1. Quick check for you: which residues of segment 72-107 have the amide N under 12 Å from the point 7 Å beyond the Cα of ILE128 toward its beta carbon?
2. Just by accessible area at a 1.4 angstrom probe, what is the order of MET135, MET117 from largest to smallest?
3. Give the residues of segment 128-146 whose amide nitrogen is closer than 19 Å to a point set 7 Å from the Cα of ALA99 in the direction of its Cβ.
4. Distance in nm between label sites at SER86 and MET135, each 7 Å beyond Cα in the beta-carbon direction?
5. Carbon-plus-sulfur fraction of the accessible area of segment 62-146, 1.4 Å probe, in percent?
6. Going from most exposed to least, what order do TYR87, TYR48 have by accessible area with a 1.4 Å probe?
7. Over segment 86-130, consider all pairs of different Cα atoms and compute the Kirkwood hydrodynamic radius from their mean reciprocal separation; express it in Å, one decimal.
8. At a 1.4 Å probe radius, which order do VAL58, VAL50 fall into by accessible area, largest first?
Amino acid sequence: MSCVSCFMRAAMVLCAFTAVGCATGPKYPELKSQFPPIESGQGRIVLYRVASPVGAAVQPEVKVNAVVVGHATPAEFIRIERPTGSYEISCSTEANNSATVRLAPGQTAYVNLRIQMGFLVGHVQPIIEDEATAMKTLGDCIEQKK
């Protein structure tokens, strides 16, 4: 392999790592005030993943009760409204990880899609967080395109 091709590969890897934190568009705090009110008998689930170069290429599907709602993409969030009740949030790579959200009327539940080390590939673990904890990191995320 020539030095030029080694340099090009290194440059591409560097670009991939630096692009992780460069999501563009309005961030969660700006958009939150524009969300429609939660309808009667409904709740809202906000699923998000913080920006990090660790495991940036690992972006599995995010499922709510086995239905795909988006991907666990760094620096992005997914907002869904659902009737009150229990919902299983799951992500799969080489391991299947899930968490259960119990949604009350008018409630917003926050789920951090946290990357963890795996044997071959990173795992995305859904972690339910309270609003104060979520706001510390969710503020840098943009809404995932549907």
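1. Within reach of a label on ILE128, which here means backbone N under 12 Å from a point 7 Å along Cα→Cβ, segment 72-107 contributes 85-89, 99-104.
2. Working: MET135 65, MET117 165 Å².
Descending order: MET117, MET135.
3. 128-144
4. 3.0
5. On the way: 2300 of 4380 Å².
Roughly 52 percent, rounded to a whole number.
6. Values: TYR87 25, TYR48 0 Å².
The ranking, largest first, comes out as TYR87, TYR48.
7. 11.3
8. On the way: VAL58 25, VAL50 50 Å².
Ranked from most to least accessible, the order is VAL50, VAL58.
The values are calculated or read from the model by the stated rules, or taken from the named source; none is laboratory data. Given the structure is predicted, the values throughout are model-derived calculations rather than measurements. Here the Cβ is made from the backbone with ideal geometry for all residues, glycine too, and neighbour counts use every protein chain on show. To get the accessible areas, we keep the full protein, side chains included, count just its heavy atoms, and leave off ligands, DNA and RNA. Shrake-Rupley method; radii C 1.70, N 1.55, O 1.52, S 1.80 Å.
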